[in-house]
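J.: The structure that follows is given in the form of structure tokens.
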């Protein structure tokens, strides 16, 4: 009797446990600012985890993003060091971030301001000093913590 009760419980619970593996895991979006990125066609990895506050004018798209202080992260795939000011501002619309202030990237022994980002198919196009650089969007699917540590989300 004990064996058949065990077998019955096993047969009932087995399909339930198999279904859990088949359900795709939904990633938690770290903040409202990260959610706003995805709403406009951008990956969450454009922002570090350390977002403290975010203000958006839904009519104009003007935003202000506040971090817990300046933040350095290493951007994939070329390992450029990006420095985020404690305040980042710009204007966001579907597939475009313009008038961006507060993010600098270190490349070729100099620090450059990122002034805009566009989503173009499976790529992101970064505007730096009148020059553009294209990178696959998938490189920015994960948000990074300050000082280059990968997030646990």
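J.: Of all residues in region 54-71, how many are more than 16 Å from the chain's Cα centre (by Cα) and within 25 Å of residue 136 (Cα to Cα)?
T.: 2
J.: Taking region 72-87, which residues are closer than 23 Å to residue 120 by Cβ, buried (at least 16 other Cβ atoms within 10 Å of the Cβ) and more than 15 Å from the chain's Cα centre (by Cα)?
T.: Hit for region 72-87 is 80, nothing else.
J.: Right, residue 15: surrounded by 16 or more Cβ atoms within 10 Å (Cβ to Cβ) and at pLDDT below 95 or not?
T.: Details: surrounded by 16 or more Cβ atoms within 10 Å (Cβ to Cβ): no; at pLDDT below 95: yes.
Against the criterion (surrounded by 16 or more Cβ atoms within 10 Å (Cβ to Cβ) and at pLDDT below 95), residue 15 does not qualify.
J.: Residue 128 - would you say it is modelled with pLDDT of 90 or more and either surrounded by fewer than 16 Cβ atoms within 10 Å (Cβ to Cβ) or closer than 23 Å to residue 54 by Cβ (or both)?
T.: In short, no.
J.: How about region 38-59: which of its residues are in contact with a strand residue (DSSP E or B) (Cβ under 9 Å, 6 or more places away or on another chain) and part of a loop (DSSP other than H, G, I, E, B)?
T.: 40, 41, 42, 43, 47, 48, 49, 50, 57 - these are the residues of region 38-59 that are in contact with a strand residue (DSSP E or B) (Cβ under 9 Å, 6 or more places away or on another chain) and part of a loop (DSSP other than H, G, I, E, B).
J.: Name the residues in region 132-150 that are in a strand (DSSP E or B) and either at pLDDT 90 or above or farther than 19 Å from residue 30 by Cβ (or both), would you?
T.: Once the filter is applied, which keeps residues that are in a strand (DSSP E or B) and either at pLDDT 90 or above or farther than 19 Å from residue 30 by Cβ (or both), region 132-150 yields 132, 133, 134, 135, 136.
J.: Taking the options 51, 105, name whichever one is crowded, with 16+ Cβ neighbours inside 10 Å and more than 23 Å from residue 29 (Cβ to Cβ).
T.: When all the criteria are applied, what remains is 105.
The values are calculated or read from the model by the stated rules, or taken from the named source; none is laboratory data. Treat the numbers as computed from the prediction; the structure is a model and nothing was measured. Cβ: placed from backbone, ideal geometry, glycine included. Neighbour counts: every protein chain shown.
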